[in-house]
Every structure is written in structure tokens, then in C-alpha cells.
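Please read the structure below before turning to the comments.
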Amino acid sequence: MKFFRKNELGLLWPFYLDAIFSPLLFFAPIFIIVFLNNLGLSFSQIGILIAISPLAALLFEIPTGAIADLYGRKVSVLLGYAIESVAMLSLFFLQSYYSIMIAFIVIGFASTLSSGSKEAWIVDLVKSKKISNNYFHKSQSFDAFALIISGFLGVILVKKFGISSVFVFAFFSYMISISILLFAKENYIKKKVKIKESFFELFKQTKKTLSYGYRHHVLYYYLVATFVFGVALSFGMSMTWTPLLLELNFPQYAFGYLWSAIAFITMITPIFSGKLLKKNKERRFIMISLFLSALFTVLILFPKTWLVALIYLLVIDFFLDLMGPASKIYFHRFAPSKLRATMGSVDAMLVSLAAVITLPVVGYLVDVIGPRYALFIYAPLMLIVVFIYSRIKEGEK
């Protein structure tokens, strides 16, 4: 069996090269909180900064989507990468809280230019669902493997050049993407777009979707669970992980190893999920995965060394990644095809909105009660998510 389908490599080779090479220098996300903490910022301030980017992304999603329709997906993606690269590079030089905040706002804005547009660019180019699906599966594997290597590179480069250098290497990561994707073809037909009408259509479609979700027994509980899950996730990610590991004397450069470990877990969990997940048993699978992640979070109260804490944190991450495919399958079982795209957007927006609201609170609690107890809050919140799923009766309309 051929690895590439007919004409696939001829059309998509720039995208495959991008998936292989650009992630190698992109290890900045795992070091960002360490970097901001080294500047003397409180975790309350850091929480606000981390929440700023998804807030900007929510606000600019429609206007930037119009750019892709007016000028093409390629222009939108490359412009987004160019702006994001400059904003990343600026963090190497910036010191003041408000100038860094502006950089994070620009990063959130720029991300909306490329998010979604790149996938649409590929799908429009190949005009074949089989080829595009084939690409996304392989690209995800290439990307995860490259990120594993990038973590080890991050350790070496941070040791040699310091934490702030991660933004310089992130800049070069974007430059690699732009340089490669300049050679990618595009199948683009210019569309007439009016921003005002786009907002109106989005509002109308979103209102219709929310109304349907509210009246649908399963989707109602699913969307409520999604929002609470987003709140819980804010307590269970890097905003609490990073200060906890630093408190336990985890070396700053070693966060690169953590980046590699997370990428490795992301790569292998679909294998486990595919073996363990049974048809029409997704809800039970989700509940067990989330319960186990909450259980290991309770254990985080006890470790005295960073090694034991790190093992617990990676196990928590494993169970979160494990339930991901099951959650998507469960969602698509009940979302009607005519509303599926908007329902998916609402689902993603609820997680982003939860993060925007919660992250400043998480940062404040890290300052007040410490990262260990702030992280512990994840457990009862995730048990609430499990309880919400338990209320679903799939036979009801």
C-alpha cells in the first residue's frame, strides 16, 4: 500500500515539509510562564496575560475570516504567520507588563488569520475528502514527532542562550513555515464579503444552534459539560503545573523535556483510545477518563519531589488526551449535519470563553493559596463534569 495517494505529494509537499520542520524550533509555549515569572510578574498578572490571547481571538474571528474570503486562504495564513512571528520576536525585547499585554493581543489577533484558513486551504486545494483526511492524519503524526524533538532542542538552546531566546527561535519557526508555504498552490475563487452581514449571519446561525442545543437533551448537557470542562482545564494546565514544578526545584531548562513528554503522550493516546473505545460507549469512556484524571489530581497534594509530581501531571494529561477522540465522536453522533459546523464552533468558543473568564482567577489563587491547592481545584470541577455526563439519558429527545 502506497504511503501517499495519487497526486497527494505533488500538491501537498509544502504542507508536509512545514509539519516536519517548522515545529522543531517551536517550544516557546512551555517556557512562556517561566519567562513571565522571571520578569517578576505575579501569577495574577500572568493569568490575565494568558487569557488575553484567546479573548482577542474570540473578538477578531469574524473580521479576520473575511480576509481569507476576500484575498484567499494563502494570503490569510502567511499574513497571520508573519504578524505572529513579529509579535513573538518582540517578547524577546519587551520588559513592561503593558507592552507584553499588547504583544499577546497581537498574537491572539494573528492566530485567527491562520486558524481554520490553513485547513480550508488544503481541503479546497485537493477537492477530495479522502486525500484531505489522509493528509490531516499523517500531518498530525509528523507534527507530534517533530514536537518531541523540539523539546530536546529547547533544553539545549535554553541552556546555551537563556529562556528569552525561545521567542527568537519561535520567530524562525514561523519564518520556516512562510518560506515553505510560499511554494504551496492554492485553488481560490474570490468571494464578495460584507463584514456587517457576516456578523448578522453568525449571530442568526449561533442563535439557531444554541436554541437547538438547549432543546436537545444530550447536546444541552454536552455543552454545559463543555463549559465546566473549560473552567476545570484552566486549573489543570500550565498556569498551575509550571509554578508547582518550579516550587519543587524543577530546572527551568528541563521544561523542554516536559514539552517532549506531552507531545509523546499526544502521539500515542489515539492508539490506546482506538483499542479501548467501543461503539456507542463514548459517554462511559469519557466519564471514566475524566474521573481518573480527577483522581490523580487529588494525589498531587502529596509529592515532595518534582519527579513524583511530574509523573502525576503526565498521567493526568494522558487521561485528558485519551478522552479527546471519544468526545468528538460523541458530539458528532447527535449534532445534525446542517448545524454541525456552527455547533462545533460554539463548542470551541465555550472552552475559550471559560479560559478567558477563569485564567485570571487561577493566577490569583496561585498567588494566594499556592499552585498545589490551585491545581487541586481541578479535581472537584472535573467531577462536576462527570456528574453532568451522568445526567444524560441518550434515549430522550
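Readers should treat all values here as calculations from the given coordinates under stated rules, not as data from a laboratory. Since the structure is predicted, the reported quantities are computational estimates derived from the model, not experimental observations. Counting neighbours? That spans all protein chains shown, and the Cβs are built from the backbone with ideal geometry, glycine included.
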Legend entry - Rounded to whole Hz, the Karplus (6.51, -1.76, 1.60) HN-Hα couplings of the stretch 381-394, x for glycine and proline: 5, 5, 5, 5, 4, 4, 4, 4, 4, 5, 7, 6, 10, 5
Inset, instruction - Per DSSP H run of at least 4 residues, take -39500 (n - 2.57); add these up for the chain, divide by its residues and hand me the 222 nm value, nearest 500 deg cm²/dmol. - result: -27500 deg cm²/dmol
Legend entry - Too-long pairs where the Cα-Cα distance tops 26 Å, listed order kept, from LYS127/LYS208; LYS208/LYS328; LYS127/LYS278; LYS138/LYS185; LYS118/LYS138; LYS138/LYS160: LYS127/LYS208; LYS127/LYS278; LYS138/LYS160
Inset, instruction - Provide the net charge surrounding LEU24, with neighbours chosen by a C-beta distance below 13 Å and charges set as Lys +1, Arg +1, Asp -1, Glu -1. - result: -2
Inset, instruction - For ILE392, enumerate residues with amide H under 5 Å from its amide H, sequence gap 5+ or separate chain, H modeled in the peptide plane. - result: none
Legend entry - Most to least packed among 47-53, 222-228 [average Cβ atoms within 10 Å]: 47-53, 222-228
Inset, instruction - Please order MET382, MET237 by the number of other Cβ within 10 Å, starting at the fewest. - result: MET237, MET382
Legend entry - Mean separation of Cα contacts under 8 Å, 6 or more apart, over the residue count of the chain: relative contact order %: 28 percent
Inset, instruction - Please report, in Å, the Rg and the Dmax of the chain, where both are computed over Cα atoms only. - result: 21.1, 61
Inset, instruction - Determine the distance separating the Cα centre of the stretch 67-115 from the Cα centre of the stretch 234-260; give it in Å without decimals. - result: 26 Å
Inset, instruction - Determine ³J(HN,Hα), in whole Hz, for all residues of the stretch 362-367 in sequence, where each value follows from phi through the Karplus function 6.51 cos²θ - 1.76 cosθ + 1.60 and θ = phi - 60°; x replaces Gly and Pro. - result: 4, x, 4, 5, 4, 5
Inset, instruction - Read phi for every residue in the stretch 31-38 and hand back ³J(HN,Hα) as whole Hz from Karplus 6.51 cos²θ - 1.76 cosθ + 1.60, θ = phi - 60°, with x for Gly and Pro. - result: 9, 4, 5, 4, 4, 5, 5, 5
Inset, instruction - Rank PRO54, PRO371, PRO336 by mean-square fluctuation in a GNM of the chain with C-alpha springs under 10 angstrom and give only the top-ranked residue. - result: PRO336
